[in-house]
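The values are calculated or read from the model by the stated rules, or taken from the named source; none is laboratory data. Just so it is clear, the model here is predicted, and its values are computed rather than measured. Every residue, glycine as well, gets a Cβ built from its backbone with ideal geometry; the counts of neighbours run over all protein chains shown.
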Amino acid sequence: MIRPLDNERCNRGISFKRNKIMKKQINNLVITITFISTLGCLVGCVKQEREKSRQEKIVASSSIKEDKEGIKQKQLAYIKEHKQEIVDFVKTQSPKVESVQINWDETEWGVGGNGTPQGGDEMILIFGGFNQNPESSWRVDVVVEDGKINLKTMSLGQYLRMGGRIFE
């Protein structure tokens, strides 16, 4: 014969089910907290590494800029040593040119445009005037190959001009 459960046995069954459910909830809560903590640590580490690499890039780029400036100063010094070749080159452009002045402060470094996206050769652009006239101007371009100046590639980048017009 089947006996009905008394209250005590019935309550034990309910509390057993509650304990089982509570254990699952606690287990899920622990897993969730562990996952969130791990994720937080990973995000923090990634941010820290990004900041380190950003600082390293800043240091590297500043040293590269210093190196580039040093190279430019050496190249400018080399060009100044060969000033007479530039003066002679400009004088050959017109028999009316008696004297040539070089504006060293206006010297520029750039890439020559050859119609392609990557551009052409690295160039040094040297500016100046002639015949002691402040309205006169010219530009000589010199190619830089592998960091070395090749004065044989010297060319007139801008015609001799007087007052904005081509000087004849």
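Some points to look at:
- Residue among S53, S63, S37, S15 that alone is of a type in the set (G, A, S) and at pLDDT 80 or above: S37
- Scanning region 125-152 for residues that are touching a residue at least 12 places away in the same chain (Cβ under 8 Å) and of a type in the set (D, E), we see that the one that is nearest to S99 (Cα to Cα) is E135.
- Leading residue by the ranking (surrounded by the fewest Cβ atoms within 10 Å (Cβ to Cβ)) among those in region 110-134 that are modelled with pLDDT of 90 or more and out of contact with any strand residue (DSSP E or B) (no Cβ under 6 Å at 6 or more places or on another chain): P134
- Yes/no for A77 being exposed (fewer than 10 other Cβ atoms within 10 Å of the Cβ), within 37 Å of the chain's Cα centre (by Cα) and either at pLDDT 75 or above or not assigned by TED's automatic domain parsing to the domain that holds G147 (or both): yes
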